[in-house]
Structure formats: structure tokens, C-alpha cells
Amino acid sequence: MKINPTNTYNKIYEEKEKKKDMESKEDTSVSASKSDKLELSPEALKFAPIKEKIKQGFYENEDVLNKISEKLLREIEG
């Protein structure tokens, strides 16, 4: 019976490479998820106060709605 050490080495080497590849893929996915951010545009940020006023019920008043509609109409007309 003849044992070929080269084949054994290649098998061990391939297994180590597979483990390294899997670990590097896992590291990449973990580091990518840590660096993800949500950044809002300045246009979106300017609507935050409006959102808070909606939650507080500020716009449920008829006088407020009339004033807002008048401002919007003036802005649309130019």
C-alpha cells in the first residue's frame, strides 16, 4: 500500500482555505451590517416638526387648516 502525502496535504490545505473563505464572508457581512446608516436628506428633516404637530393634533383645528391652505395656495400661485 502506498500513501501519497501530497494528496493529504492538498486536502488539508483545501479545508483550511474553505474555512478562511467562510470566515471572511462572515466577517464581511458582520462589518457591513455595522457600518449601515440611515441618513435623511435635509428636505426630509424639515418635515419632522410637521410630523410632531400631526401627532399632537395641531392640524385638527379648522382655523389652522384654513391658514395652511391659504399659504399653500399663495405658494402655488407664485
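A few points about this structure:
- Local electrostatic count at L45 - Lys and Arg +1, Asp and Glu -1, tallied over other residues with Cβ under 11 Å: 0
- Put in order of Cβ neighbour count within 10 Å, fewest first, the listed residues E15, E62 become E62, E15.
- Contour excess over end-to-end distance, with Cα ends at F58 and K34 and 0.36 nm allotted per residue: 4.8 nm
- Contour minus Cα-Cα distance for S24 and S69 (0.36 nm per residue): 10.5 nm
- Each 10 Å bin, from zero up to the one with the longest distance, holds this percent of the alpha carbon pairs of region 38-78: 25, 40, 30, 5.
The numbers here are math on the coordinates, done by the rules we state, and not lab data. Model, not experiment: these values are computed from the prediction. Neighbour counts are summed over all protein chains in view; Cβ atoms, including those assigned to glycine, are modelled from backbone coordinates with ideal geometry.
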